[in-house]
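One structure is given below, encoded as structure tokens.
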Amino acid sequence: MAAPIPDSGVQAQQVRGACPHDCPDTCALVTTVQDGVAIRVQGNPAHAPTGGVLCKKVSHYTERVYHPERLLQPLRRVGPKGAGQFEPVDWDTALDAIAARLKAIAARDPQAILPYSYCGTMGLVQGEAMAGRFFHQLGASLLDRTICASAGAEGLTHTLGGKVGMKVEFFAEAKLILVWGSNSIASNLHFWRLAQEAKRQGAKLVCIDPRRTETAEKCHEHVQLLPGTDAALALALMHELVVNDWLDHDYIARHTLGFEALRERALRWTPERAAEVCGIPAQQIRDLARDYGTTKPAAIRLNYGVQRVRGGGNAVRAVCCLPALTGAWRHRAGGVLLSSGGFYPVDRAALQRPDLLAGRQPRTINMVQIGDALLHAGSPQFGPQIEAVVVYNSNPVAVAPESGRVARGFAREDLFTVVIDQFRTDTADYADYLLPATTQLEHWDIHLSYGHTDVLLNRPAIAPVGQARPNTQVFRDLAARMGFDDPLFRESDESLCRQAYGPQVDFELLLQQGFANLKVPEAPFAEGGFPTRSGRCEFFSEALARQGLDGLPDHVPNHEPAGSSERYPLAMISPPARNFLNSTFVNVRSLRDIEGEPILEMHADDAAARGIRDAQVVRVFNDRGEYVCKARVSPRARPGVVNGLGVWWRKLGLAGTNVNQLTSQKLTDMGRAPVFYDCLVEVQPA
């Protein structure tokens, strides 16, 4: 559909909202509406973290809302699963059929029904509010939502006590910034503006990343380590801090736990040992340690790339120990930030109502291993075979690892699949019923951020396009048909927004200006007070030790370490393409045209050894499958490592697959998370 063209002289209105996408910036939006048509989406200049600026992706948001391939009515499958052949039906027909099928399955065992969702929207209401109530009342299987950040979250919790860190605005005052595992120019634009301000004031910027990203090119130095070796680097930095006495002994004594044990471990990690593991010069480690140990204030912007390997939780733990060793937390421009999400007083129980389980304890399915789960026939240990999946806010056929198995699982003829989405994604092609969802411009929602400390309210700017309905309304409608008659299933979206924070946040202020600041100290841990059980930064974690795990951070080698296989000698990481956000925006043509085609970045030496030319079609493969794409011979790749940029929809790939055909369903050391960047492959001309 094309965007309607306003034709009256009615003055345009501006509506405040929030960007819903999985990004730490969580921008405040202003949507200009005329004659009921959204004609422009901009950043809110009154919101300091946004500063009136949006990324290129969200600047094109009206193109997404009025996309010609937008789902506008319910559809019912009429062809083979995966073929994407549907016929239109009305809402009552679709909802009646879905409810009847779910009722029949639940009568046997409701655990045979599985919700599958993640952060297609980060909104607390359109995410898991009414959906959580519905599936808790039903008694369906629980979903372990671990596909992005849970290893890092666990590492933070066992070190700092939660998903907490320094306030992002004070990076502008730092004198040294380590950008660790983040292509901030592409995925954390508003932090990058602060880093640039610090750079103009004389700060040194160091990027630590296996790929020579756009961000690495703009930093003073790039530490291009091998994937999965971040903990080894952090431990070697600790070694140098200890032997050169670049330590804040007073801060360590008063505000940390386990220093002597950590000191002994660090002394075993000489720069030479770490250099061999990381594939970087020992002198680069020494110089980085000197910079970090002697520059005040020093700040670390850590991102989730470091935790998408087997030792991801340990890597986050190791990096997060560094600021407490040097006393960097004393300064408001010192410390580390991976996530600020733990500062928010969200009342998830009020939204999702786990009490509706009423004592039942359904099994939990890890979303990372959805491929194996869908292909499991059922057993006493596993529980019943999965008979129905309801997918919303996610595209698992494209984004889940080992996607060949995921696709085979969704292709089961006996699996009943409902997909709620705005577009016909890879997963939607396998749906029995496909239901049209609203976009952020068409519904209420309320947001936290994992990159700043403001609450944002999203108000609907336009009426739902076509017959689209909010997720919440779909689950209200299904609840009514399932006989769930408690009034809590009829609460409005605005009411749910009000419940999200209760009295902790001034909702009238949110209505007035669209955002509200949390009261977080400028230097939250200057005097300790970490939200751990001990109140200290825990170098040694008793909680981990009680689980039989190492209480100290350590380097945990990858499941598939670089250089460990003759058959698959190349390590592959799959960072996001700059103009996509996971699998979102892939179908926005203006953005896809910028990306061109699915590519694999290769170092010139690796390409030459295989007779591969730039722009040549190549076959990337391992025991899990193969992926056909274009080779890009590029200095962005280091020798021995290839970069498969994602996440393209499979059906838009050169041969109907994407990079996740190659990734595995193995899990991290803690947090039960995926290991997307722990993957060995070989590459040949196609």
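The values are calculated or read from the model by the stated rules, or taken from the named source; none is laboratory data. As the structure is a computational prediction, the values presented were derived from the model and not from experiment. Please note: Cβ atoms are built from the backbone with ideal geometry, for glycine as well, and neighbour counts cover all protein chains shown. When the accessible area is computed, the model is the full protein with side chains, heavy atoms only, and any ligands, DNA or RNA have been set aside. Shrake-Rupley method; radii C 1.70, N 1.55, O 1.52, S 1.80 Å.
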Considering only protein heavy atoms, what per residue accessible area in square angstrom results for the range 304-379 with a 1.4 angstrom probe?
30
Under the 0.36 nm per residue contour assumption, what length would be gained going from the current alpha-carbon distance of H376 and A104 to full extension?
95.9 nm
When the dipole is taken about the Cα centre of the range 465-577, and only Lys, Arg (+1) and Asp, Glu (-1) are charged at their Cβ, what size is it in debye, to the nearest 20?
220
Taking the convex hull of the alpha-carbon atoms of the range 613-678 and averaging its shadow over every direction gives an area in square nanometres of 5.4
Would you work out the charge dipole size for the range 196-333 about its Cα centre, treating the Cβ of every Lys and Arg as +1 and the Cβ of every Asp and Glu as -1, and quote it to the nearest 20 debye?
360
From the P(r) of the range 328-398, can you give the percent of Cα pairs sitting at distances over 17 Å?
69
Using Cα centres only, tell me the gap between the range 131-180 and the range 475-521 in whole Å.
22
What shape does the range 515-646 have by the C-alpha gyration tensor, where a ≥ b ≥ c are the square roots of the eigenvalues, rounded means a/c under 1.5, and otherwise prolate means a/b greater than b/c and oblate the rest?
oblate
Per q in 0.21 Å⁻¹, report the Debye log10 I(q)/I(0) for the range 86-194, using one uniform scatterer on each alpha carbon and no solvent.
-1.31
Under 20 Å from K163, Cα to Cα: lysines that are on another chain or at least 8 residues apart:
K519
Within 13 Å, Cβ to Cβ, of C27, how many net charges do the neighbouring residues add up to if Lys/Arg are +1 and Asp/Glu are -1?
+1
What nm value, rounded to one decimal, do you get for the distance between R567 and R193 when each label is placed 7 Å out toward the C-beta?
5.0
Please list Y251, Y568 in order of solvent-accessible area, largest first, computed with a 1.4 Å probe with all protein chains present.
Y568, Y251
Take the Cβ-Cβ distance between R610 and R490 as r, set R0 to 45 Å, and report the resulting FRET efficiency rounded to the nearest 0.05.
0.15
Residues listed by number, the range 197-238, amide nitrogen under 19 Å from R268 label point at 7 Å toward C-beta:
229-238
For Y116, residues with placed amide H under 5 Å, excluding near neighbours:
V390, V391, Y392
For the chain, the longest principal axis of the Cα atoms and the Cα long axis of helix 189-200 enclose an angle in degrees, to the nearest 10, of 30
K163 - accessible surface, heavy atoms, 1.4 Å probe, Å² rounded to 10:
80
Which order do E527, E387, E240 take when ranked by solvent-accessible area (1.4 Å probe, heavy atoms of all protein chains), largest first?
E527, E387, E240
Are there trypsin sites (Lys or Arg not before Pro) in the range 586-686 that DSSP puts in a loop and that have at most 13 other Cβ atoms within 10 Å, and which ones?
R613
How far apart, in nm, are the 7 Å Cα→Cβ label points at K296 and H220?
1.8
In the range 301-396, what trypsin sites (Lys or Arg not before Pro) fall in a loop by DSSP, with at most 12 other Cβ atoms inside 10 Å?
R360
Please calculate the 1.4 Å probe accessible area of C119, with all protein chains present, and give it to the nearest 10 Å².
40
In whole Hz, the Karplus estimates of ³J(HN,Hα) for the range 320-331 (6.51, -1.76, 1.60; θ = phi - 60°; x where Gly or Pro) are 6, 6, 4, x, 6, 5, 9, x, 4, 5, 5, 9
Positive-end extreme of charge dipole, the chain - chosen from V125, V277, P354 (charges on Cβ):
V277
Quick one: work out the % antiparallel among DSSP beta bridges in the chain, nearest 5.
50
Rounded if a/c under 1.5, otherwise prolate or oblate - the range 48-133, Cα gyration tensor axes:
oblate
Tilt, helix 282-294 to longest principal axis of the chain (alpha-carbon atoms), in degrees rounded to tens, equals 90
Taking a quarter of the surface of the Cα convex hull of the range 177-257, what do you get in nm²?
6.9
Whole-Hz Karplus ³J(HN,Hα) for the range 36-46, in order, using 6.51 cos²θ - 1.76 cosθ + 1.60 and θ = phi - 60°, x for Gly and Pro?
x, 10, 6, 10, 7, 10, 10, x, 7, x, 6
Classify the range 221-301 as rounded, prolate or oblate from the Cα gyration tensor: take a ≥ b ≥ c as the square roots of its eigenvalues, call it rounded if a/c is under 1.5, otherwise prolate when a/b beats b/c and oblate if not.
prolate
Accessible area of the range 451-564 with a 1.4 Å probe: how many percent of it is carbon plus sulfur?
48
Angle between the Cα long axis of helix 91-108 and the longest principal axis of the chain, 0 to 90 degrees, nearest 10?
70
37 °C / 0.692 mPa s Stokes-Einstein diffusion coefficient of the range 347-465, Kirkwood radius on C-alpha pairs, µm²/s
195
Enclosed volume per residue, in Å³, of the convex hull spanned by Cα atoms of the range 122-247
159
Computed label-point distance, nm, for sites R408 and R363 using a 7 Å Cα→Cβ extension:
1.9
So if R0 is 35 Å, what FRET efficiency would Q14 and A349 give, r being the distance between their Cβ atoms, rounded to the nearest 0.05?
0.50
Along the charge dipole of the range 560-651, pointing to its positive end and built from +1/-1 on Cβ of Lys, Arg, Asp and Glu, which listed residue (M602, L591, P569) has its Cα farthest out?
L591
Summing +1 for each Lys or Arg and -1 for each Asp or Glu, what net charge is found among the other residues whose Cβ lies under 12 Å from the Cβ of G202?
+2
Long-range amide H contacts for T657: which residues qualify at under 5 Å (H placed 1.01 Å from N, peptide plane, sequence gap of 5 or more or a different chain)?
V628
Size of the dipole of the chain about the Cα centre, Lys and Arg at +1 and Asp and Glu at -1 on the beta carbon, nothing else charged, in debye to 20?
400
